[in-house]
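Student: Before we start, here is the structure in question, set down as structure tokens.
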Amino acid sequence: MGYFPFVSTGGGSSITTPVSVPNGGTGTASLASYAVITGGTTSTNQVQQVSGLGTSNFALLSAGAAAVPVWAAPAAPVSPLTDAATITVNAALGTLLTVTLGGSRTMGAPSNPVNGQPLIFQLTQDGTGSRTITWTSGAGGYTFGAGAAPTLSTAINTTDLVGFRYSAVVGKWCFQGSQLGFS
């Protein structure tokens, strides 16, 4: 197998020398300027161009072992949650989710889980303290395995970190551990 010489043609790059291609074909291809190329498969072509050039500050995100990567906005490193009786969680917002508890709450099952994705909840007691969390345990909810949920710190303005990782096999967010009592 040889190599492909790429030569700029002003509006883009193209392969200028035909090469022999197994199972027919011309051996000629072109790419958009600044194109990102990836390895393909025997059914999709051995070299594939990632669709589009992306958007400023977007990152190339794996779409799985058998798919071309896609452009996506990187998750915000810290994402605030809205305090409510049942706190709504969207796992696509980031991996560190923060909320100040204004009462004893239920943490809703996160939407948009990705297998292997971590989530860390930064839970802060309000000026009253002694707030508790009930972790949703149904489909897509949280599991603590053979253990129990951690007991949150009760002092006012104290912060606890509680971590989970999503398992598609289990279909839940599996408890990873906690660090309690930051003030």
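Student: Label point 7 Å out from Ser167 along Cα-to-Cβ: which residues of segment 88-124 have amide N under 12 Å?
Tutor: Correct set: 116.
Student: So how do Val169, Val68 line up by other beta-carbon neighbours within 10 Å, fewest first?
Tutor: Val169, Val68
Student: Just to be sure I understand the model, the point goes 7 Å from the Cα along the line to the Cβ. What's the resulting Thr154 to Thr132 distance in nm?
Tutor: 1.0 nm
Student: Given the convex hull of the Cα atoms of segment 139-183, what is a quarter of its surface area in nm²?
Tutor: 3.5 nm²
Since every read-out is calculated from the coordinates, none of them should be taken as a lab result. Model, not experiment: these values are computed from the prediction. Quick reminder, even Gly has a Cβ in these numbers, built from the backbone with ideal geometry, and neighbours come from all protein chains shown.
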